[in-house]
Amino acid sequence: MTAARRKREAAAAKARATTPEPLLHTPAPPRPRDRAATEERLLAAVGDVLAREGFRGLGVGAVAREAGVDKVLIYRYFGGLPELLRAWGASGRFWPRVGDLLQRQGEGFLQRPAAERWAVFLADFIDELRARPLTLAVLAAELEERNELTAILEAEREEWGAEATRVLGGGAFAASPHLRGITLLVVAGVQYLALRARRIRLFGGVDIQSEAGWLELKASIGALAGRIVPPTLP
């Protein structure tokens, strides 16, 4: 070994001895998961997937990807896809909640005359339904395809109807089967017209794509209420 080579190796050894060992990387502690925020993202993702792909595309993986989370969180937080869909339906994103409709009129609404309560509640329902294009798309899809998932949303609407009946009439509805039947016909008619308005402008000469047309229909509901709703409705 030459003197020059020995000199170079000695300098390299000295440099190694004086160079501090690199510090070991300590990973940052995991950020605490915000469960409430994650649940909200998953609920929002249900609507986004339904709007884009319908019930055929609705699955645990699709919802998790849309929300940007691991699909295991759907099982951990909700129990599975049916339970997640049930939570979405109950959240007010799909169907207007009875409590939300009552809040639109403020305190004292339930102390108004029975006919007024009936007509105003249905008029507010019309506004909420027309403002939910995804809900209308789901209703249209249900007519062509019924499965376990659509049945969950059907059950949500049945519960809504039972709650609305209790709030608006309670025992009076049970004592007046015709009133219950007429209410069902009005609600069904509103849904049909809202669905039809997605593609067709006129029905019976009424422009169901315009505010004026729906104001006319609301006025008709008010007139009907004055004739069929008994004044003693609790």
When (1) under 17 Å from ASP124 (Cβ atoms); (2) surrounded by 17 or more Cβ atoms within 10 Å (Cβ to Cβ); (3) in contact with an Asp or Glu (Cβ under 6 Å, 6 or more places away or on another chain) are applied to ARG104, the one that fails is (2)
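Could you go through the stretch 111-134 and let me know if any residue there is of a type in the set (A, V, I, L, M) and under 14 Å from VAL46 (Cα atoms). I'd like the intermediate steps shown before the answer.
Step one: list which residues in the stretch 111-134 are of a type in the set (A, V, I, L, M), which gives 114-115, 119-120, 122-123, 126, 129, 131, 134.
Subset that is under 14 Å from VAL46 (Cα atoms): 134.
Yes, the stretch 111-134 contains a residue that is of a type in the set (A, V, I, L, M) and under 14 Å from VAL46 (Cα atoms).
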Inter-residue pairs, beta-carbon under 7 Å, first more than 19 Å from TYR192 (Cβ to Cβ) and in the stretch 209-223, second of a type in the set (A, V, I, L, M), 6+ apart: GLY222/ALA119
Hits in the stretch 54-97 (condition: in contact with a helix residue (DSSP H, G or I) (Cβ under 7 Å, 6 or more places away or on another chain) and either of a type in the set (Val, Ile, Thr) or free of Cβ contacts under 8 Å to residues at least 12 places away in the same chain (or both)): GLY57, VAL60, VAL63, VAL69, ASP70, LYS71, ILE74, GLY92
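Condition test on GLY213, is it of a type outside the set (S, T, N, Q), on the phi > 0 side of the Ramachandran plot, modelled with pLDDT of 95 or more and in the same structural domain as GLN103 (by TED's automatic domain parsing)?
no
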Look at GLU145 and say whether it is charged (D, E, K, R) and closer than 30 Å to ALA64 by Cβ. yes
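For ILE200, state whether it is among the β-branched types (Val, Ile, Thr) and farther than 23 Å from TRP118 by Cβ. Give the steps one after another, and end with the answer.
Working: among the β-branched types (Val, Ile, Thr): yes; farther than 23 Å from TRP118 by Cβ: yes.
Taking the combined requirement at face value, the residue satisfies it.
Rundown of residues vs (1) under 19 Å from the mean Cα position of the chain (by Cα); (2) surrounded by fewer than 12 Cβ atoms within 10 Å (Cβ to Cβ); (3) at pLDDT 95 or above, yes/no style:
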site: THR26; (1), (2), (3): no, yes, no
site: GLU40; (1), (2), (3): yes, no, yes
site: ALA45; (1), (2), (3): yes, no, yes
site: GLY54; (1), (2), (3): yes, no, no
site: GLU66; (1), (2), (3): yes, no, yes
site: LYS71; (1), (2), (3): no, no, yes
site: LEU81; (1), (2), (3): yes, no, yes
Given (1) under 16 Å from the mean Cα position of the chain (by Cα); (2) touching a residue at least 12 places away in the same chain (Cβ under 8 Å); (3) surrounded by fewer than 17 Cβ atoms within 10 Å (Cβ to Cβ), index of the condition ALA151 fails: (2)
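The values are calculated or read from the model by the stated rules, or taken from the named source; none is laboratory data. Keep in mind the model is a prediction, meaning the values are calculated, not measured. Cβ coordinates were reconstructed from backbone atoms using ideal geometry, including for glycine residues, and neighbour counts include every protein chain displayed.
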